[in-house]
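Participant: First, the structure itself, so that you have it in front of you.
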Amino acid sequence: MAATLYDKLWDAHVVAEADGKTLLYVDRHLLHEVSTPQSFASLREDGLSVRRPATQLAVADHSIPTHDRAKGISDPQAAAQIALLERNCGAFGIEYMRVDGPDHGIVHVVGPEQGFTLPGITLVCGDSHSSTHGAFGTLAFGIGASECGTVMAAQCLWQMRAKTMRVTFPGQLAPGVSAKDMALALIGQIGAAGAVGYAIEFAGEAVRALSMEGRMTLCNMAIEAGSRTGLIAPDETTFAYLKGRKRAPQGTDWDQALAFWQTLQSDGKARFDCEIEIPADEIAPQVTFGTTPDHVIAVDGAVPANRDGRLTRAIDYMGLAAGAPVEGLEIDHAFIGSCTNGRIEDLRSAAAVIGRGHVHPRVRALVVPGSARVKQQAEAEGLGRIFVQAGFEWREPGCSLCVAMNDDRLPPGARCASTSNRNFEGRQGIGARTHLMSPAMVAAAAVAGRIVDVREWPQ
Ligand SMILES: CC(C)[C@H](C(=O)O)[C@@H](O)C(=O)O
Ligand code: SF4
């Protein structure tokens, strides 16, 4: 029977089935400092060891400072959390990528970068943005802290099979429009809970045309539409990205893997439980105006009239009024980074927009590369210099202002143009206001001091 990519990946990992649930084999597990302390503690309590340590890889990203790292971590709680991850990894034989090492970065940036994320495998992490890895044709999803312990001990998890949704983007994106805009446009259309219970497969000409960085941005935000899994069938772009990566198969193993990976796509006659089509050429740069990612409009749109109490509260929180345009709105902070948009291509597109421009005097702007390798490459390409000369703070890698779990935090009332993925109340600091948009849009806003339409930039 014709099968979707999701079904193929799922079926290949079934260990057992009972009570409508599937015991799924887990090939790989990524760990970070926030979601694992409890998992290790429960292993200890139960006297369990890690079944296949080589399939686990850990990194600290959420609570680490992104500046003056040589001075150490001043927040004692963060310091303890990070030290605990390192100790736990040592005790259980799990590889830990040190904060000061060349492989460090945000968990969803380094997994693919290392070639740890591969097509055809199942990969989990105690983090909701694990959907990112689906860009490689990987069955990847976020799990809870107690499940992290289960995966370490048993290499398996009980899961419910999701329904399938295909989101097709026919046509081509206009200049100035990127994968971030595709993701936000989808979320705006179906809502932040629109894909709950579904695994999304992204397809169509505009998806095929995306680089791996763009594909990761798109799959990263599947969870913001409610789907734990975003998938893109692997192709030449995927294989070219993976070839030669540190942990990817080499030599004859590569040839064998490649032959298998080439089979990983939905069959022509496969049926999806839900089909959505969004013409790529109709997508404009997107900007969020509220406090969930589906509070989103085209940059030349206006804040919608109040439909319900939740929206009213969101608009109030954001200091906006129904009917107001978002274009022209003054900002005082800009953030380029996160596992959504902290990769090399994101930094390139931001730097291209800045050109010889300078950050507006009212604005404080941060660029936080997604990993040490991204930072190094950006510097080699001269992008670091562009950011610094333009007045951006050029930081060390980490989650930073995406979640404000370290000391990068905005004051109440601050208005921030941000490349991250969540605009929840208080996400970037208590009372801070977040407008999600693409790296090019954030860079233009940082220079202009207000939200502008990057398609008309520079004016
Ligand atoms: C802290 C972590 C568990 C959380 C997540 O699950 O996504 C964080 O990464 C986020 O983006 O909100
Ligand atoms: S960058 Fe943001 S979204 Fe990504 S893992 Fe870190 S906190 Fe979560």
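Only the coordinates and a few stated rules stand behind these numbers; no lab work does. Note that this is a predicted model, so its numbers are computed, not measured. Because the Cβ atoms are built from the backbone with ideal geometry, glycine has one as well, and the counts that use them run over all protein chains shown.
Participant: Got a sec? How would Val34, Val326, Val196 order by Cβ neighbour count within 10 Å, fewest to most?
Facilitator: Neighbour counts put them in this order, fewest first: Val196, Val34, Val326.
Participant: Whole-Hz ³J(HN,Hα) for each residue in region 77-87, computed from phi via Karplus 6.51 cos²θ - 1.76 cosθ + 1.60 with θ = phi - 60°, x for glycine and proline: what do you get?
Facilitator: Once θ is set to phi - 60°, the couplings for region 77-87 become 5, 5, 4, 5, 5, 6, 4, 5, 4, 4, 5 Hz.
Participant: With a Cα-only, solvent-free Debye model of region 289-456, what are the log10 I(q)/I(0) values at q = 0.11, 0.16, 0.19 Å⁻¹?
Facilitator: With one equal scatterer per Cα and no solvent, log10 I(q)/I(0) is -0.40, -0.84, -1.16.
Participant: Give me the percent relative contact order of region 289-456, please, defined on Cα pairs under 8 angstrom at least 6 residues apart.
Facilitator: 29 percent
Participant: May I pose another question? Run the helix sum for the chain: -39,500 (n - 2.57) per DSSP H stretch of 4+ residues, divided by residue count, reported at 222 nm to the nearest 500 deg cm²/dmol.
Facilitator: -9000 deg cm²/dmol
Participant: While we're on this one: In the chain, how many lysine pairs have Cα atoms under 17 Å apart, counting only pairs 8 or more places apart or on different chains?
Facilitator: Count of close lysine pairs: 5.
Participant: As a test of the definition: which semi-axes, in Å, follow for the chain when you take the square root of five times each eigenvalue of its alpha carbon gyration tensor? Largest first, please.
Facilitator: 33, 26, 21
Participant: Right, here's the next one. Calculate the dipole size of region 187-262 relative to its Cα centre from +1 charges on Lys and Arg beta carbons and -1 charges on Asp and Glu beta carbons; express the result in debye to the nearest 20.
Facilitator: For this selection, approximately 260 debye.
Participant: A further question on this structure: Quick check: pseudo-label points 7 Å beyond the Cα along Cα→Cβ at Asp407 and Arg271, how many nm apart are they?
Facilitator: About 5.9 nm, to one decimal.
Participant: Pull out the extension gain between Ala193 and Arg455, defined as 0.36 nm times the separation in residues minus the alpha carbon to alpha carbon distance; nm, one decimal.
Facilitator: That pair, Ala193 and Arg455, stretches by 91.3 nm at full extension.
Participant: Would you grab the residues whose amide H sits under 5 Å from the one on Ile331? Only those 5+ places off in sequence or on another chain, please, with H modelled 1.01 Å from N.
Facilitator: Result for Ile331 returns Arg450, Ile451.
Participant: Something else now. With a 10 Å Cβ neighbour count serving as the proxy for reagent exposure, in which order, fewest first, do Val359, Val177 appear?
Facilitator: If I rank by nearby Cβ atoms, fewest first, I get Val359, Val177.
Participant: Moving to a separate point now. Could you work out the relative contact order of the chain? I mean the mean sequence separation of Cα pairs under 8 Å and 6+ apart, divided by the number of residues, in percent.
Facilitator: 17 percent
Participant: I've got another one for you. What is region 137-225's relative contact order, in percent, from Cα pairs under 8 angstrom and six or more apart in sequence?
Facilitator: Relative contact order comes out at 36 percent.
Participant: Quick check: pseudo-label points 7 Å beyond the Cα along Cα→Cβ at Ala380 and Ser74, how many nm apart are they?
Facilitator: That separation, rounded to one decimal, is 3.4 nm.
Participant: With +1 assigned to the C-beta of every Lys and Arg and -1 to the C-beta of every Asp and Glu, and no other charges, what is the dipole magnitude of the chain about the Cα centre in debye, to the nearest 20?
Facilitator: 500 debye
Participant: I'd like the distance separating the alpha-carbon centroids of region 380-459 and region 92-108, in whole Å.
Facilitator: 25 Å
Participant: Under the 0.36 nm per residue contour assumption, what length would be gained going from the current alpha-carbon distance of Ala12 and Ala305 to full extension?
Facilitator: 100.7 nm
Participant: Spin-label point model (7 Å from Cα, Cβ direction): what's the Ala2 to Thr312 distance in nm?
Facilitator: My value for the distance between the label points is 4.9 nm.
Participant: Still on this structure: By counting other Cβ atoms within 10 Å of each Cβ, how are Thr252, Thr288 ranked from fewest to most?
Facilitator: Thr252, Thr288
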